[in-house]
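These notes concern the structure reproduced below.
The values are calculated or read from the model by the stated rules, or taken from the named source; none is laboratory data. Here the structure is a predicted model, which is why all the values come from computation and not from measurement. No Cβ is skipped: glycine too gets one built from the backbone with ideal geometry, and neighbour counts run over all protein chains shown. For the accessible areas, the whole protein counts, side chains as well, though only heavy atoms, and no ligand, DNA or RNA atoms are used. Shrake-Rupley method; radii C 1.70, N 1.55, O 1.52, S 1.80 Å.
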Amino acid sequence: MAAVTAAMVKELREMTGAGMMDCKKALSSTDGDMEKAVDFLREKGLATAQKKAGRIAAEGIVTTCVVDGGKKAVVVEVNAETDFVAKNEKFRTFVDQVAQQAVATTAADIDAFMAEPWALDTSVTVKEALAAQIAVIGENMNIRRFKQVKEDNGFIASYIHAGGKIGVLIDVETDVINADVEEMAKNVAMQAAALKPLYTNRDEVDAEYIEKEKEILAVAARNEKPDANDKIIDGMVMGRINKELKEICLMDQVYVKAEDGKQTVAKYVEQVAKASGAKIKIKAFVRFETGEGLEKKNEDFAAEVAAQIK
């Protein structure tokens, strides 16, 4: 049996919000398997439905580049070590240059992108251009990721939040492009930035994920109401599944600007489409958050100074 360490308990607490002793028991019961421990806590009703996202720690910015009259766009993330550098004009100019190259690239992944010639000086690669910037700025940097979006039958809207902390692209298929439709697309992009959906609509949600959720929620419901019949349990499970889908699917979320506090994003899009005499479909979205899933090293400045003095 694997030893349960304090670090493991701490990590599970941060992922689930459950109590320390509950986390320790869950890890002990699952032989230290973190994923199984999360499921164990959820079945006992001791953890939230969604595990918290990886800690946001790395600095840097996300930016977008839209070209061809809105038919093509890219979102990129470039990381730096400190927020001070992330706000530096030289760093931001370089990130914009990366975005301009990324919107035109045919590279299938970040490795291929890093190996291609740098558009502003084809005698070096993107990787070498990055190394040159690191030498100038004096801090480690990383071109982490990019995502292109194309839309021939509509346009792509972009939104940058908090000076580059979050970047969103919204793929809009429509036969009418006017100020109201463009404003709608920007509002939907802001929604995605604020409420952090995982999917555009329910059709994208993996069937296996739904089945696993049903299994976990069924055990949790049975623990809550051991005397309930199967029909009641099924009703509890489906109610919770629907509630979860309304939180993680963009089109099912309550529109943040809804006056009645009930209108969904889908209904808001329908409303704008009807008013504009248009056929509108939000096909997809891309949301990048700076440092998403990365863990920043915990620096003790006092200890560092003390070490230098010694």
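Which values of log₁₀ I(q)/I(0), to two decimal places, follow from the Debye formula for the stretch 147-206 at q = 0.16 Å⁻¹ with a uniform point scatterer at every Cα? Result of the Debye calculation: -0.55. When the chain is treated as a Gaussian network with alpha carbon springs shorter than 10 Å, the biggest mean-square fluctuation among Ala73, Ala189, Ala218 belongs to Ala218. Quick one: of Lys165/Lys281; Lys44/Lys262; Lys196/Lys274; Lys36/Lys225, which pairs are farther than 25 Å apart, Cα to Cα? Beyond 25 Å: Lys165/Lys281; Lys44/Lys262; Lys196/Lys274.
The value for the stretch 81-173 of Rg(Cα) / (2.2 N^0.38 Å) is 1.18. For the pair the stretch 86-103 and the stretch 137-166, the centres of their Cα atoms are 10 angstrom apart. When Rg and the Kirkwood radius Rh are both evaluated on Cα atoms of the chain, their ratio Rg/Rh stands at 1.04. Between Asn229 and Glu183, the simple label model (points 7 Å from Cα in the Cβ direction) yields a spacing of 5.3 nm.
Under conditions of 37 °C and 0.692 mPa s, the stretch 112-254 yields 169 µm² s⁻¹ as its translational diffusion coefficient, taking Rh as the Kirkwood radius over Cα pairs in the Stokes-Einstein equation. For the stretch 105-162, the solvent-accessible area works out to 57 Å² per residue, with a probe of 1.4 Å and every protein chain left in place. Computed in the context of the full set of protein chains, the accessible area of the chain at 1.4 Å probe radius has 52% of its extent on carbon or sulfur. Of the beta bridges in the chain, as assigned by DSSP with both residues counted there, near 95 percent are antiparallel. The three principal axes of the C-alpha atoms in the stretch 125-179 carry coordinate ranges of 48, 27, 15 Å, sorted with the longest axis first. Per 10 Å bin, what percent of the C-alpha pairs of the stretch 225-277 does each bin hold, from zero upward? Computed distribution, short to long bins: 23, 34, 23, 16, 5, 0. So which residue, out of Cys249, Cys65, Cys23, gets the largest mean-square fluctuation from a GNM of the chain using Cα contacts under 10 Å as springs? In the Gaussian network model the winner is Cys23.
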